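The values are calculated or read from the model by the stated rules, or taken from the named source; none is laboratory data. As the structure is a prediction and not an experimental result, all values here were calculated from the model. Positions of Cβ are backbone-derived with ideal geometry, glycine not excepted, and every protein chain shown enters the neighbour counts. When the accessible area is computed, the model is the full protein with side chains, heavy atoms only, and any ligands, DNA or RNA have been set aside. Shrake-Rupley method; radii C 1.70, N 1.55, O 1.52, S 1.80 Å.
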Amino acid sequence: MSDNGAPPNGSDTEQPGANAELPAVLHIAGLALSRVESPPSLACWTGYFPNPAGTAPVATSLLIEPAAPPDEDTLQLAHDVVSRFDAFVDQALEYCRTRLRERHFELTTEELSWLDLPELPLGAPEATVWADQTWAIRFTESRLRLADPHGVLVTFNGTRPADVQGIDDEQ
């Protein structure tokens, strides 16, 4: 481990080489991400943060397309996201509180009033990091109509939220 808590070279993976088979497990910031079944063109690893009893698990996924072992930059980004996940969720929630008031989201008067509550009606955050150095937090649960059926996605540009959208079947 380096002084900042990051693994040496940005990762602690079971990756023997660049042209090797895809590793079954990636260890990122103390979180084990296991390879999950995906289309042949895609490599996906998913892990779950430890959670208090009675609460839903919080997932983090790493997606590489075309399928390949993740490079060092992608592993470093995943490490940063995992290490600071709670802070990023807080940023995403505040971003939603502001952006979702925009007219084009077409929230009802009741939904707009929910944005003033101490707890936003967004729950079950999941992080996804893509190989192109983009990443997002998806809130899988929400009472907001725009979240039907797959939740609300907040994409990030580096460490700052950049966009929010409801996710439908076409996405």
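Excluding ligands, DNA and RNA, what is the solvent-accessible area per residue of the range 22-171 at a probe of 1.4 Å, expressed in Å²?
Result: 53 Å² of accessible area for each residue.
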Item to check | Between the range 66-94 and the range 139-171, the Cα center-to-center distance that results, in Å | outcome: 17 Å
Item to check | Cα gyration tensor category, rounded, prolate or oblate, for the range 42-81 with a/c compared to 1.5 | outcome: oblate
Next on the checklist: How long are the semi-axes of the equivalent ellipsoid of the range 81-171, defined as square roots of 5 times the Cα gyration tensor eigenvalues? Whole Å, largest first.
Outcome noted: 21, 14, 12
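Cβ under 14 Å from residue 42's Cβ, residue 42 left aside: what net charge do those residues give with Lys, Arg +1 and Asp, Glu -1?
-2
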